[in-house]
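Novice: Have a look at this one.
The values are calculated or read from the model by the stated rules, or taken from the named source; none is laboratory data. Since we're looking at a predicted model, the values are computed, not measured. When we count neighbours, we look across all protein chains shown, and the Cβ atoms used for this are built from the backbone with ideal geometry, even at glycine. The accessibility values were calculated without ligands, DNA or RNA, using every heavy atom of the protein model including side chains. Shrake-Rupley method; radii C 1.70, N 1.55, O 1.52, S 1.80 Å.
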Amino acid sequence: MTDPIPPPSTQGSSGRKAALWSGVGLVVALVAGGALFFRGRQSPPGHDAHDHGEHSPKKQGAAKPTVSPEVLRHTDRAARAAATGELKKARESLGEALMLAPRHAPALLVHACLALEEGNDAEAATVLGQFEAVAPGSPELKLLETLRELRRAPGVSWQQAFQDAWVTLGRPNLGKSELLPGATPLPPDPTASDWEKLAWERAPSDDVKLRLALASRKLDADKSLFLLAQVPRLENPDLYLAVRDALRGESLPESEHERARKTFRQKLESLAAAHPRSMQLQLLLLLGDTESGTELTAAEIDALERVATLPAWRETSFHDGYRETRRLLKEAGVPDASALAMAVSLRGINERGTWILRTRNVATRGALSPEGRQRLGRITRDIGASLVQQATVVERMTGLQLVRGGSQDLEDDAGRTLAMNQIKELEQAIAVFQQTAMERWPLNSLTEELLEESTRDELRYLQSFGAKAPAGAARMGP
């Protein structure tokens, strides 16, 4: 069966890495229970499944005490609730875990985070003392202690305090932490399985239902048809692109594929007319319905040259779109609204135009004269340069790849080398940030600020974690 909506852009190794982390994309993993923020609800990359001990990790070869699955489940529920701001629910689950295993280090970590979240300094001090008794010298303990101290200063945000604490401690690599939530894979939690259905049933408007459908882990036929029915009324290009992305593949019944193609094409023509300065929409209008890997015609190259001169990649704001979706979901009482809003926003940056451009460039180069190839290279480079100015890592990475390819066709070795170096710098910034495992810390205020900051300028946000450590900072090994 042919997809009613073409596949999104395939970005190669670097692009796939960027897609995982954008927004900061690491925060948008769909997990059991509906909480989107924590990838930590599942095992971190490269981490073997095992039970947590009640004490700190033992030396290799030493026997490690384990706790029951019931303790792990209660701890996981507490961490998920803490991460999404449901503090009362978090304390209830935490109480169950600590009653069964009062020295369970991961539960004590969640307890310390809850005390810090609520601003209860005396409780935080007590719990951190208990945590130290079972996990002495652990980087997680030291970071929480430093975070507590830094948060005492007036006006210090959670993001700034966390970043300063992590850098001061020598940037410990917490990606494989056995104490943070998510170290032990667990089956789906039956107590949290109905949130999506309930949110859909209680949605007060089609605008809220639209966002819920776009954030769904898996679309059923009813939600797919609902999304298709919304397309004619969409005036926001980002929501249009998000629906296109959601309806890729086999989510729609095959009988609806032709109607979907016509509906999306008509709306794209309307949006492109309303946004004549948007390079993204004009490129999609020009190439989006053409066959990948086919040779560009002379008329298409002429049209691409005009597209490349447009003043903006898109005329919408990633940050504003995220905030509007978050507002709608919060007003509707949807749980974990911020992470769901990020999921919706990230769908809105998926587009087909640049992928088609790259595949058709490959098919066209051999048929062009040296001058024609340079012309196509200049077009590609200029489109990429516009993309590089966007807020998200995915868009920046896609743009840099276009700049690199265009510079190669232009025989501009300096430009190609610069683009390659910028791609490496971006990958390094992602790798450094990944060591914080920030998506696994059960601190709702921290994650709210993370999502907010990352929508403004994701690359600058990531790069801030690689800044030089404060003078005299303590050092810890990874």
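Novice: Just a yes or no: is a residue in the range 463-476 part of a helix (DSSP H, G or I) and open to solvent by 10 Å² or more (accessible area, probe 1.4 Å)?
Specialist: yes
Novice: Is it the case, given these coordinates, that T325 is touching a Ser or Thr at 6+ places or on another chain (Cβ under 7 Å) and among the β-branched types (V, I, T)?
Specialist: yes
Let's see how each residue does on (1) farther than 13 Å from L180 by Cα; (2) modelled with pLDDT of 95 or more; (3) open to solvent by 70 Å² or more (accessible area, probe 1.4 Å):
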residue: K64; (1), (2), (3): yes, no, yes
residue: L87; (1), (2), (3): yes, yes, no
residue: M99; (1), (2), (3): yes, yes, yes
residue: H104; (1), (2), (3): no, yes, no
residue: L108; (1), (2), (3): no, yes, no
residue: E118; (1), (2), (3): yes, yes, yes
residue: T126; (1), (2), (3): yes, yes, yes
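Novice: I've got another one for you. Can you name the number of the only condition in (1) surrounded by 15 or more Cβ atoms within 10 Å (Cβ to Cβ); (2) in a loop (DSSP other than H, G, I, E, B); (3) basic (K, R) that K218 fails?
Specialist: Among (1) surrounded by 15 or more Cβ atoms within 10 Å (Cβ to Cβ); (2) in a loop (DSSP other than H, G, I, E, B); (3) basic (K, R), the lone unmet condition for K218 is (1).
Novice: OK, next. When you go through (1) at pLDDT 95 or above; (2) assigned to a loop (DSSP other than H, G, I, E, B); (3) in contact with a Gly (Cβ under 8 Å, 6 or more places away or on another chain) one by one for P335, which number turns out not to apply?
Specialist: Here P335 clears every test but (1).
Novice: Please work out which one of (1) of a type outside the set (G, A, S); (2) under 25 Å from A79 (Cα atoms); (3) touching a Ser or Thr at 6+ places or on another chain (Cβ under 8 Å) is the condition L450 fails and give its number.
Specialist: Failed condition: (3).
Novice: A follow-up question, please. From the list Q435, Q408, exactly one residue is under 30 Å from C113 (Cα atoms), modelled with pLDDT of 95 or more and open to solvent by 50 Å² or more (accessible area, probe 1.4 Å). Which is it?
Specialist: None of the other options fit; the residue is Q435.
Novice: Would you point out which residue out of G399, G415 is modelled with pLDDT of 95 or more and under 19 Å from Q280 (Cα atoms)?
Specialist: Answer to the check: G399.
Novice: Restricted to the range 167-199, and to residues that are more than 18 Å from F465 (Cα to Cα) and small (G, A, S), which residue is most open to solvent (accessible area, probe 1.4 Å)?
Specialist: Filtering the range 167-199 for residues that are more than 18 Å from F465 (Cα to Cα) and small (G, A, S), the one most open to solvent (accessible area, probe 1.4 Å) comes out as S193.
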